[in-house]
Amino acid sequence: MKPRITLAKLAAVGTCAMLLTACVSSQMPMSPAGDDVDAAPPPPTVAPNGPGEEQAASCDLDAIQSAIGEPFDEAKLSQLQSDSGARQVRVLRPGEAATMDHRPDRLNVHLDDQDMIEDLRCG
């Protein structure tokens, strides 16, 4: 004997399918244009240096350009930071890895193989 699918069973399956489809589509964000393409969520808001802190873009290269070509030591590090107004100083020697994040308040001191100041950059 063949199983019989009644009209009531078919209607019940169809109703369940429509209800599930309605639940899923109501949770999906719509694009601003209102078409059926899923919209990406908005990007998160990020504070410059953390909550409540303002990022100071103070790194004055003009005040320290005369240091290029001079030998580097710890005393020079303090002097460069003070004269440039930078919050941070990063010393970069040849072949060293460095992050590519840009920080306007950071002074980058580039040295050559003999620890002579080769270049000064903010960022």
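Can you give the net charge of the other residues whose Cβ lies under 14 Å from the Cβ of residue 95, counting K and R as +1 and D and E as -1?
On the way: positive: 93; negative: 96, 112, 113, 115, 118.
In short, -4.
Hey, if you put +1 on the Cβ of every Lys and Arg and -1 on every Asp and Glu Cβ in the stretch 65-122, which of 91, 122, 75 ends up farthest toward the positive end of that dipole?
122
Rule-based calculations on the coordinates, nothing more; no lab input. This one's a predicted model, so the numbers in the text were calculated from it and none came from an experiment. Positions of Cβ are generated from backbone atoms using ideal geometry, with glycine treated the same way; all protein chains shown enter the neighbour counts.
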